[in-house]
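J.: Quick one: the structure is below, questions incoming.
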Amino acid sequence: MPWDAFGGKMEFRKSEMTLWAGYKGHGKSAVVSQVLEHLIEKYGQKVFIISPEFPAHRVLYRLMVQSIGQRFPDSSLLDEWLDIVKDNLWIYDQQKSLTPRDVPALCRYAIQTYGIQHILIDSLMKCGIAPDDYGAQKKLVDTIQQVCHNTETHIHLIAHLRKGKSDDEIGGLHDVKGASEIGDLVENVIICWRNKQQEMKNDGSASEPDAVIKVEAQRNADGWIGKVPMKFDKYSMRFSQWGN
């Protein structure tokens with residue numbers, strides 16, 4: 001699993017918020033999906049996904065593929081997986097932009113009603129705030145973080161990085177699109193980067209990793225930061241540590 005590669009140096013602690021950032025098309029949603037799938041199956045955690053960017057059936061399908069490891073599993077495997085997640089997974093089935101008032105309210109409702117332990121908001125740009133309204137962005141992130149602090153829930157928020165001349169270099173905390181305070185407010189910042197140059201070689205070589213997951217900030221524990229090269233299996237949609 002992606003975070004296992006950090007050797008226990010990165011955790012998703014209770015009452016904290018993690019910002020997942022990356023350029024468009026660099027695997028942010030796929031990485032977080034795999035993290036949440038593992039939390040459900042290995043630890044029995046209750047997960048709520050708010051993802052207006054993707055239809056609910058696509059979100060569910062990706063989770064299933066990452067868990068089973070097959071694009072088209074037979075019905076018995078599918079039924080078995082659905083039975084595992086039926087009491088631990090909720091998806092907000094609305095494919096439209098929300099309002100800044102909707103998001104914290106949905107989080108509070110899910111926590112109070114279902115005992116949710118991890119919430120994914122995918123993404124900041126779908127929360128009904130103009131890209132240049134930095135004050136509203138800061139206020140929203142601060143409000144969502146208060147939900148974390150007042151409960152034992154961990155909230156994962158996906159955001160984009162500003163794209164410069166190219167996305168060939170791994171971005172950082174100060175490249176997060178939107179208000180500069182966003183990265184300062186949250187406890188953890190993780191950057192997802194896809195090695196598109198390696199992909200375009202299309203020669204079967206593995207001289208470079210397919211992706212990199214970088215812990216850019218981690219306020220608690222020992223504050224460890226670092227990065228790990230990853231490989232990606234497109235058939236199972238899974239990331240694993242490169243070189244293993």
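J.: Classify region 13-129: rounded, prolate or oblate, from the alpha-carbon gyration tensor (a ≥ b ≥ c, eigenvalue square roots; a/c under 1.5 rounded; otherwise prolate if a/b is larger than b/c)?
T.: Prolate, since a/c reaches 1.5 and a/b exceeds b/c.
J.: At q = 0.08, 0.10, 0.11, 0.18 Å⁻¹, work out log10 I(q)/I(0) for the chain with the Debye formula, treating every Cα as an identical point scatterer and leaving solvent out; two decimals please.
T.: For the requested q values the scattering log ratios are -0.29, -0.46, -0.56, -1.56.
J.: List the trypsin sites (Lys or Arg not before Pro) within region 95-185 that fall in a DSSP loop (any state other than H, G, I, E or B) and whose Cβ has at most 14 other Cβ atoms within 10 Å.
T.: When the trypsin sites (Lys or Arg not before Pro) of region 95-185 are filtered for loop state and at most 14 Cβ neighbours within 10 Å, LYS96, ARG101, ARG162, LYS163, LYS165 remain.
J.: With +1 on each Lys and Arg Cβ and -1 on each Asp and Glu Cβ, and nothing else charged, work out how big the dipole of the chain is about its Cα centre, in Debye to the nearest 20.
T.: 380
J.: Over the chain, calculate the relative contact order: mean separation of alpha carbon pairs under 8 Å at least 6 apart, over the residue count, as a percent.
T.: 29
J.: Moving on to the next point. DSSP loop (so not H, G, I, E, B), at most 14 other Cβ within 10 Å: list which GluC sites (Glu not before Pro) in region 154-232 pass both filters.
T.: Answer in residue order: GLU169.
J.: I would also like to ask the following. Nothing charged except the Cβ atoms of Lys and Arg (+1) and of Asp and Glu (-1): what's the magnitude of the dipole of region 59-116 about its Cα centre? Round to the nearest 20 debye.
T.: 400
J.: Between LEU77 and GLN95, what is the spin-label point distance in nm, taking each point 7 Å from the Cα along the Cα→C-beta axis?
T.: The two pseudo-label positions are separated by 2.6 nm.
J.: A further question on this structure: Can you pull the Kirkwood radius for region 121-244, inverse mean 1/r over Cα pairs, to one decimal in Å?
T.: About 16.3 Å for region 121-244.
J.: Please figure out what share of the DSSP beta bridges in the chain is antiparallel and state it in percent, rounded to the nearest 5.
T.: Looking only at bridges with both residues in the chain, the antiparallel portion is about 45 percent.
Quick note: the coordinates plus some simple rules give every number you see, no bench work behind them. No experiment lies behind these values; they were computed from the predicted model shown. As a convention, Cβ positions derive from the backbone with ideal geometry for all residues, glycine included, and neighbour counts pool all protein chains shown.
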